[in-house]
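S.K.: Can you read through this structure? Questions will come right after.
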Amino acid sequence: MTESCIDVTIKPVRVFFAVFPNKHIQEQLVHLAELLEPICGGRKIKEQHIHLTLLFLGNISAHRIEALQQAMKEVTEKKFELSLDEICQWKKNQIIYVQSNKFPAKLFSLVDSIGHALSEIGFLLDNHTYTPHITLLRKVVRPSKIGLIKPIQWCVNEWFLIQSKQTDHGVDYISLGQWRLK
């Protein structure tokens, strides 16, 4: 994830809200992806791109970024622990991901609060059921037969507004805002 100024050209920006693991958790997830890649095929997610999406907005007008940033100041949720204990596959999407057998209610409360704040400033959100997961591999060709021996414990204490920007070298994630959980 790169920090930068907002590109305020006429083109829309592709944005989402997410939590990113600290360096220690990130290293554990990268190691897991490295173990799974030769078994499942596909390609690993870049280390700096490993995240848990909270809410995907897609393409929005760049002039709305400031309103998003201001609205998120009203979100006052508490930090929480994730216990990532399952390796799963979505055949249709061709991904391998990790998840929790039981995600904490505080995660869903954070997602709901972000959604409410966005609705208050006029964003229309789809009604998809939120399915939290952390993608490790894309374009997989075989299922994983590996289970996690020990859960990965992750204390989530902040969240971000991220711009996903296409470049000549692939996609860059640019932080457009960061907020602490209480």
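Here is a yes/no grid of residues against (1) over 19 Å from Leu35 (Cβ atoms); (2) among the small types (Gly, Ala, Ser):
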| site | (1), (2) |
| --- | --- |
| Leu68 | yes, no |
| Lys73 | yes, no |
| Lys79 | yes, no |
| Glu86 | no, no |
| Gln89 | no, no |
| Lys92 | yes, no |
| Lys106 | yes, no |
| Ala117 | yes, yes |
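S.K.: Which condition breaks for Gly122 when tested against (1) under 30 Å from Leu35 (Cα atoms); (2) in contact with a helix residue (DSSP H, G or I) (Cβ under 9 Å, 6 or more places away or on another chain)?
M.R.: Going through (1) under 30 Å from Leu35 (Cα atoms); (2) in contact with a helix residue (DSSP H, G or I) (Cβ under 9 Å, 6 or more places away or on another chain) one by one, Gly122 breaks only (1).
Condition check ((1) under 28 Å from Val141 (Cα atoms); (2) of a type outside the set (A, V, I, L, M)) across all residues:
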{"site": "Gly42", "(1), (2)": "yes, yes"}
{"site": "His49", "(1), (2)": "yes, yes"}
{"site": "Val75", "(1), (2)": "no, no"}
{"site": "Ile95", "(1), (2)": "yes, no"}
{"site": "Val98", "(1), (2)": "yes, no"}
{"site": "Ala105", "(1), (2)": "no, no"}
{"site": "Leu110", "(1), (2)": "no, no"}
{"site": "His116", "(1), (2)": "no, yes"}
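S.K.: Taking into account only those residues within segment 1-49 that are hydroxyl-bearing (Ser, Thr, Tyr) and out of contact with any Phe, Trp or Tyr (no Cβ under 9 Å at 6 or more places or on another chain), which is modelled with the highest pLDDT?
M.R.: Residue satisfying both the conditions and the ranking: Ser4.
S.K.: Please enumerate the residues belonging to segment 11-43 that are free of Cβ contacts under 8 Å to residues at least 40 places away in the same chain and among the β-branched types (Val, Ile, Thr).
M.R.: Across segment 11-43, the qualifying residue is only Val30.
S.K.: I'd like the residue in segment 143-165 that is among the charged types (D, E, K, R) and surrounded by 12 or more Cβ atoms within 10 Å (Cβ to Cβ) and, out of all such residues, is farthest from Lys73 (Cα to Cα).
M.R.: My answer is Lys165.
S.K.: Right, next: Taking the condition out of contact with any Pro (no Cβ under 9 Å at 6 or more places or on another chain), surrounded by 13 or more Cβ atoms within 10 Å (Cβ to Cβ) and either in a strand (DSSP E or B) or at pLDDT 95 or above (or both), does Leu125 pass?
M.R.: Working: out of contact with any Pro (no Cβ under 9 Å at 6 or more places or on another chain): yes; surrounded by 13 or more Cβ atoms within 10 Å (Cβ to Cβ): yes; either in a strand (DSSP E or B) or at pLDDT 95 or above (or both): no.
Answer is no for this residue.
S.K.: Which condition number in (1) modelled with pLDDT of 95 or more; (2) touching a Cys at 6+ places or on another chain (Cβ under 9 Å) is the one that Ser144 fails?
M.R.: (1)
S.K.: Consider Ser119 carefully, then state whether it is under 14 Å from Phe56 (Cα atoms), without any contact (Cβ under 8 Å) to a residue 60 or more places away in the chain and among the small types (Gly, Ala, Ser).
M.R.: Considered against the rule, which asks whether it is under 14 Å from Phe56 (Cα atoms), without any contact (Cβ under 8 Å) to a residue 60 or more places away in the chain and among the small types (Gly, Ala, Ser), Ser119 comes out as yes.
S.K.: Could you say whether any residue in segment 137-145 is under 26 Å from Gly42 (Cβ atoms) and in contact with a Phe, Trp or Tyr (Cβ under 6 Å, 6 or more places away or on another chain)?
M.R.: No, because not a single residue in segment 137-145 is under 26 Å from Gly42 (Cβ atoms) and in contact with a Phe, Trp or Tyr (Cβ under 6 Å, 6 or more places away or on another chain).
S.K.: Looking at Val171, is it farther than 18 Å from Phe103 by Cβ, over 13 Å from the mean Cα position of the chain (by Cα) and at pLDDT 95 or above?
M.R.: Against the criterion (farther than 18 Å from Phe103 by Cβ, over 13 Å from the mean Cα position of the chain (by Cα) and at pLDDT 95 or above), Val171 does not qualify.
S.K.: Okay, moving on. Check Ser113, Ser144 and return the single one that is free of Cβ contacts under 8 Å to residues at least 40 places away in the same chain and either among the aliphatic types (A, V, I, L, M) or not in a strand (DSSP E or B) (or both).
M.R.: Details: Ser144 fails: free of Cβ contacts under 8 Å to residues at least 40 places away in the same chain.
None of the others qualify; the one that does is Ser113.
The values are calculated or read from the model by the stated rules, or taken from the named source; none is laboratory data. These figures come from a predicted structure and were not determined experimentally. Ideal geometry is used to build each Cβ from the backbone, glycine not excepted, and the neighbour counts take in all protein chains shown.
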